[in-house]
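**Student:** Input: one structure, supplied below.
Bear in mind that the values in this text are calculations on the coordinates, not laboratory data. Small disclaimer: the values here were computed from a predicted structure and weren't measured. Using ideal geometry, Cβ is built from the backbone for each residue, glycine included, and neighbour counts are taken over all protein chains shown.
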Amino acid sequence: MGIRHEAREWALQFLFQSEFNRDESVDEGFKLFWEHQNEETAAPTAKPASQDARLRAKTRQFAEELARGVIAHHPEIDPLISKYAENWEIDRMGAVDRNAMRIAVFEMLYRNDIPPVVSINEAVELAKAYSSIESGKFVNGILDRIRKGLDRPARGPGASAPPVEGQE
């Protein structure tokens, strides 16, 4: 599993958890989250400790960038998802689907280094792995509509901007 894929899984888990623990600050939430992750991954590894520590640090950094970005841009992300999720209220969507889409939309809008199709594919895989096979189709449909409204190439890095009004 790649560093960024694992980081997206962690970001999804953190965002899912944070929906139920709204009283915590983001920093406190991450402190508790990483403590729990350390307990789960305490098993010995075949990689040298320094290499493993570097990879974990990079993975954590990317996971935090994603989760913090989603939280910071929540006021722009949720209305965009709602706009393209015809006949669906965002609060009625499954928490995994909703948060997988939030990560992908954040990446498509604010991470010029990640091609939109990568963000969509990752969100679909997360939804299928942590929600249901049908969730993958649901997430793909909404995110593809959002992607079509972006002013950037689908398969490469580039300038991103929120979708143009009326373009679907």
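**Student:** Can you figure out the FRET efficiency of residue 68 with residue 148, using R₀ = 22 Å and their beta-carbon distance, to the nearest 0.05?
**Tutor:** 0.20
**Student:** Spelling out what I want: for every residue of region 95-104, take phi, set θ = phi - 60°, compute 6.51 cos²θ - 1.76 cosθ + 1.60 (Karplus), and round to whole Hz; glycine and proline get x.
**Tutor:** 4, 5, 4, 4, 6, 4, 5, 4, 4, 5
**Student:** Measure off 7 Å from each Cα along the Cα-to-Cβ vector at residue 155 and residue 137, then give the distance between these two points in nanometres to one decimal.
**Tutor:** For the pair residue 155/residue 137, the computed spacing is 2.6 nm.
**Student:** Something else now. Among the lysines, which fall within straight-line cross-link reach of residue 58, defined as a Cα-Cα distance under 28 Å, with same-chain neighbours fewer than 8 residues apart omitted?
**Tutor:** 31, 47, 128
**Student:** While we're here: Could you list 22, 111 so that the one with the fewest beta carbons within 10 Å of its beta carbon is first and the one with the most is last?
**Tutor:** 22, 111
**Student:** To continue, here is another question. So how do 117-126, 25-34, 57-66 stack up, highest first, on mean other-Cβ count within 10 Å?
**Tutor:** Highest-to-lowest ranking by the protection proxy: 117-126, 57-66, 25-34.
**Student:** PRE reach from residue 38 (point 7 Å along Cα→Cβ): which of region 54-85 fall under 17 Å by backbone N?
**Tutor:** 54-61, 64
**Student:** Next question, about the same structure. Among 73, 5, which comes first, second and so on when ranked by fewest other beta-carbon atoms within 10 Å?
**Tutor:** The fewest-first ordering by Cβ neighbours comes to 5, 73.
**Student:** What is the calculated FRET efficiency for residue 54 to residue 92, with r their C-beta to C-beta distance and R₀ = 35 Å, to the nearest 0.05?
**Tutor:** That gives a FRET efficiency of 0.25.
**Student:** Measure off 7 Å from each Cα along the Cα-to-Cβ vector at residue 28 and residue 82, then give the distance between these two points in nanometres to one decimal.
**Tutor:** It works out to 2.8 nm between the two label points.
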